[in-house]
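Written below as structure tokens is the structure these notes are about.
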Amino acid sequence: MPTIFSHAAVPLALGMGLGRRRIPRRLLIAGIVASILPDFDVLAFRLGIPYADAFGHRGASHSLAFALLLGLLALMFYRHLKAGRWVSFAFVSVSAASHSLLDMLTNGGHGVALWWPLSQERCFFPWQVIEVSPLNPRRFLSDRGIAVLQSELWWIWLPAALVCLVLFVWRRRSGS
């Protein structure tokens, strides 16, 4: 998995690129939380749930169904998020789904249960270009951690910055 910090790159890029009129601060925060939330499944290790289990790491919480569920929650609370119904749904769903898609680009682990509950299969993209982050925080402060950060800068943060820039330019040119 990419680091928890890098999962926030997608909602940050989209939110900053589209601007506060389209993505208010509360919705941006909800998107960031949705992009990080799937990794709370690491608590399954402490509960004795095996990695490969449907509710293990990169299981159900990494599925598109879970992303849509979070989007539906955002839809229910759209007024609190200070955004429109469908903007809230779409932004939170995309933010949550981005977590799984980024994990599918990593070079470690057992893959992502993207299609759960329809399938238990774990998926990767054909290109696994992102160095998988160590689960142990102590290992993160090592040469391995530095390699992960370099990989994330190149494969996550740089593309996210480009998306942000394109959206910003589009927003300025369209006058919105």
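Does the range 111-126 contain any residue that is over 23 Å from Gly56 (Cβ atoms), modelled with pLDDT of 95 or more and of a type outside the set (Lys, Arg)?
Among the residues of the range 111-126, at least one is over 23 Å from Gly56 (Cβ atoms), modelled with pLDDT of 95 or more and of a type outside the set (Lys, Arg), which makes the answer yes.
Leu114: under 26 Å from Ala52 (Cβ atoms), in contact with a Lys or Arg (Cβ under 9 Å, 6 or more places away or on another chain) and among the hydrophobic types (A, V, I, L, M, F, W, C), yes or no?
Details: under 26 Å from Ala52 (Cβ atoms): yes; in contact with a Lys or Arg (Cβ under 9 Å, 6 or more places away or on another chain): yes; among the hydrophobic types (A, V, I, L, M, F, W, C): yes.
Judged against the criteria, Leu114 is a match.
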Could you count how many residues in the range 43-70 are under 30 Å from Arg20 (Cα atoms) and either without any contact (Cβ under 8 Å) to a residue 12 or more places away in the chain or buried (at least 23 other Cβ atoms within 10 Å of the Cβ) (or both)? 7
Can you name the residue in the range 13-42 that is closer than 20 Å to Ser174 by Cβ and among the small types (Gly, Ala, Ser) and, of all such residues, is surrounded by the fewest Cβ atoms within 10 Å (Cβ to Cβ)? Gly19
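From the list Ala96, Ala161, Ala83, which one is small (Gly, Ala, Ser), outside any strand (DSSP E or B) and either closer than 26 Å to Leu43 by Cβ or touching a His at 6+ places or on another chain (Cβ under 7 Å) (or both)?
Numbers: Ala161 fails: either closer than 26 Å to Leu43 by Cβ or touching a His at 6+ places or on another chain (Cβ under 7 Å) (or both); Ala83 fails: either closer than 26 Å to Leu43 by Cβ or touching a His at 6+ places or on another chain (Cβ under 7 Å) (or both).
The match here is Ala96.
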Contact list please: Cβ distance under 7 Å, first residue in the range 138-153 and over 18 Å from Ala8 (Cβ atoms), second residue modelled with pLDDT of 90 or more, pairs at least six apart or on different chains. Ala147/Glu131
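Is the range 91-112 home to any residue that is touching a Pro at 6+ places or on another chain (Cβ under 6 Å), surrounded by fewer than 21 Cβ atoms within 10 Å (Cβ to Cβ) and not basic (Lys, Arg)? Lay out the reasoning, then the answer.
Here is the first cut: in the range 91-112, the residues touching a Pro at 6+ places or on another chain (Cβ under 6 Å) are 95, 99, 102.
Those still in the list that are surrounded by fewer than 21 Cβ atoms within 10 Å (Cβ to Cβ) too: none.
For the range 91-112, residues touching a Pro at 6+ places or on another chain (Cβ under 6 Å), surrounded by fewer than 21 Cβ atoms within 10 Å (Cβ to Cβ) and not basic (Lys, Arg): absent.
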Residue satisfying all of: in the range 1-60; touching a helix residue (DSSP H, G or I) at 6+ places or on another chain (Cβ under 9 Å) and aromatic (Phe, Trp, Tyr); modelled with the lowest pLDDT among these: Phe5
Which number in (1) touching a Lys or Arg at 6+ places or on another chain (Cβ under 9 Å); (2) of a type in the set (Lys, Arg); (3) free of Cβ contacts under 8 Å to residues at least 40 places away in the same chain marks the one condition that Arg122 misses? (3)
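Would you check which residues across the range 3-55 are in a helix (DSSP H, G or I) and acidic (Asp, Glu) and list them?
Taking the range 3-55 and keeping what is in a helix (DSSP H, G or I), we get 4-7, 9-18, 25-46.
Answer for the range 3-55, where residues must be in a helix (DSSP H, G or I) and acidic (Asp, Glu): Asp39, Asp41.
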Condition first: small (Gly, Ala, Ser), assigned to a helix (DSSP H, G or I), surrounded by 19 or more Cβ atoms within 10 Å (Cβ to Cβ) and more than 15 Å from the chain's Cα centre (by Cα). Can you find one or more residues in the range 142-156 that meet it? yes
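The values are calculated or read from the model by the stated rules, or taken from the named source; none is laboratory data. Predicted model, so just to flag it, every value in this text is computed and none were measured. Here the Cβ is made from the backbone with ideal geometry for all residues, glycine too, and neighbour counts use every protein chain on show.
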